[in-house]
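Since every read-out is calculated from the coordinates, none of them should be taken as a lab result. In this text, all values refer to a predicted model and were calculated from it rather than measured experimentally. Here the Cβ positions follow ideal geometry from the backbone for every residue, glycine too, while neighbour counts run over all protein chains shown.
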Amino acid sequence: MNWKAVLKILGKIFIAEAAMMLLPMIFASTYGEDTYWGFIIPMIVLIVMGVPTYFIKAEGEEMKIHAKEGFAIVAFAWLAMSAVGALPYVITKAIPHYVDALFETISGFTTTGASIIPTDTTLGLLTIEDLPKSILFWRSFTNWIGGMGVLVFVLAVLPKENSGIIHAFRAEATGPSVGKLTSKMGRTARILYAIYIALSLIEMVLLLIGGMPFFDALTTAIANAGTGGFSVKNASIGAYGSLYVEIVITIFMFLFSVNFNLYYLILTGHVLKAVKSEEAIGFVLMVILAVFAIATNLCFSTVKLVTASGELLPNTFGNAMRYSAFQVLSLSSTTGFSSIDYNSWPALSQSILLFMMVVGGMAGSTAGGMKMSRFIILIKSTAADLRRMVHPREIVTVKFEGEAVKQDTIDNVRLYFVTWAAILIFAGLVISVEGYGDFLTNFSASLSCISNIGPGFNAVGPAANFAGYSYFSKVVLSLEMLFGRLEIFPLMVLFSPATYNK
């Protein structure tokens with residue numbers, strides 16, 4: 001392990017997080033809140049951690065980064081940023097217990113959106129709407145930071161570029177593979193962030209046009225951009241009761257589920273290549289079929305549509321399409337916003353939503369889940385294996401996006417899927433030991449965390465949260481969220497003794 005290179009880059013990441021905490025302090029000043037120390041103390045901690053490592057003298061071979069170092073940088077960075085990022089909640093007493101604060105922070109950075117903060121005002125506890133604006137902004141801002149990735153942000157502002165930083169970039173990026181958009185990683189990161197910021201600003205402006213207050217529009221836009229789903233309202237998006245707001249958010253949940261490389265292709269004039277993307281076509285078809293299937297199922301069922309305010313709506317096709325489209329995009333993009341309580345929906349509709357939670361969005365997007373690209377490769381490679389069984393002498397090639405898929409990539413996809421499923425089942429079993437909730441509650445909680453979605457079903461559904469779990473279960477689910485966001489292997493490498501052998 002090249003510790004000099006690892007520590008030097010980690011130092012830059014810690015300093016970057018300290019700088020990020022200046023933004024919620026601006027909101028504390030604007031709204032006259034006494035929450036400064038909640039951010040000053042973590043900033044001091046980050047500077048103490050970051051400055052000495054930033055100034056480590058290392059050049060040439062001493063700054064060489066291989067895949068092992070890349071995985072370690074990403075894993076260490078996310079663990080450390082989450083550990084320190086939880087301090088504002090504890091210091092301001094917004095979330096007094098550190099384990100709860102850590103759960104909320106990891107949920108934010110991993111863009112999961114699962115929360116332990118109560119939404120029921122009758123419990124006599126601080127609800128989401130009771131928290132200071134500066135804390136609420138930090139909560140949503142963690143979604144935005146984690147959406148594109150910590151390393152991408154640091155790469156975008158790095159004065160120098162390490163030739164091996166691509167390994168760290170790949171370790172943090174989502175999907176089976178990642179490459180450069182340009183010959184320079186720093187330029188690639190700046191292009192990605194420019195697109196990310198532009199889409200975030202456009203959504204905020206459109207929400208302002210719809211009458212949403214500035215603070216709500218800003219926090220909703222950045223939470224949506226990271227597909228994290230932290231809302232500043234107890235009833236999430238359902239609190240606004242606006243069809244216009246739901247349409248805008250639905251559109252942008254889709255846009256942030258799209259591979260950002262496709263936006264780059266469109267901006268550089270390769271529109272046809274972007275439109276013909278096999279992954280994009282598959283994702284769009286999946287969403288359209290799911291929306292119409294659920295809407296039809298709702299229309300022909302006797303179940304009433306229950307809004308966030310408890311209002312019962314008739315199962316007209318218009319209402320069914322409205323809420324089906326929002327919830328399908330919310331869960332397939334893994335944003336986790338809610339406009340209605342889908343716990344009462346028919347079994348078929350809930351099963352479709354569970355399937356969308358598993359697949360998730362596209363690779364190279366801010367969405368979570370297994371990713372559409374992996375799902376397509378998994379289906380095609382399985383079909384190819386079945387064909388070889390029937391025709392042993394036939395040469396069957398698995399193609400994706402018009403190119404032959406290497407066997408290494410297929411093996412990695414299968415390894416990822418098996419490991420992902422094993423973690424999902426294991427974590428579900430572990431949190432079931434304490435006896436909280438039923439099977440669907442614990443299974444969907446585990447699925448929600450590893451897919452970085454937020455809400456699940458029953459006791460962790462859209463109208464509830466994860467506060468009922470024990471501290472031990474919250475730690476398990478927090479680790480599961482990290483495994484899901486970092487796509488398993490960085491944390492496995494970090495915890496492997498072989499990583500530290502020469």
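Give or take rounding to whole Å, what are the principal axis extents of the alpha carbon atoms in the range 229-313, in descending order?
If we take the Cα atoms of the range 229-313, the spans are 47, 33, 18 Å.
Using the 2.2 N^0.38 Å rule of thumb for compact globular proteins, work out how the chain stacks up: its C-alpha Rg over that value, please.
Output field value: 0.95.
Please compute the contact order of the chain in relative form: average sequence separation of alpha-carbon pairs under 8 Å and at least six residues apart, divided by the residue count, as a percent.
Computed over the chain, the figure is 18 percent.
Suppose the chain between Leu312 and Glu394 were pulled fully straight at 0.36 nm per residue; how much longer would it get relative to their current alpha carbon spacing?
The Leu312-Glu394 span can extend by a further 23.7 nm.
If we count other beta carbons within 10 Å of each Cβ, what is the order of Trp420, Trp3, fewest first?
Arranged by neighbour count, lowest to highest, Trp420, Trp3 become Trp3, Trp420.
Could you list Thr316, Thr250, Thr119 in order of exposure, starting from the residue whose Cβ has the fewest other Cβ atoms within 10 Å?
Least crowded to most crowded, the residues run Thr316, Thr119, Thr250.
Among all stretches of the chain without exposed GluC sites (Glu not before Pro) (DSSP loop, at most 15 other Cβ atoms within 10 Å), which one is longest?
Here the longest segment lacking exposed loop sites spans 162-310.
Using just the helices of the chain, give the 222 nm mean residue ellipticity in deg cm²/dmol: DSSP H runs with n ≥ 4 each add -39,500 (n - 2.57), and the total is spread over all residues, rounded to 500.
-19500 deg cm²/dmol
Need one number: nm distance between label points at Thr296 and Leu272, each 7 Å from Cα along Cα→Cβ, rounded to one decimal.
3.5
Just round it to a whole percent: the fraction of Cα-Cα distances in the range 289-424 exceeding 25 Å.
The calculated P(r) of the range 289-424 puts 42 percent of pairs beyond 25 Å.
From the square roots a ≥ b ≥ c of the eigenvalues of the alpha-carbon gyration tensor of the range 188-332, which class results: rounded (a/c under 1.5), prolate (a/b over b/c), or oblate?
oblate
For each of Met286, Met481, count neighbouring Cβ atoms within 10 Å of the residue's Cβ, then give the residues from fewest to most.
Met286, Met481
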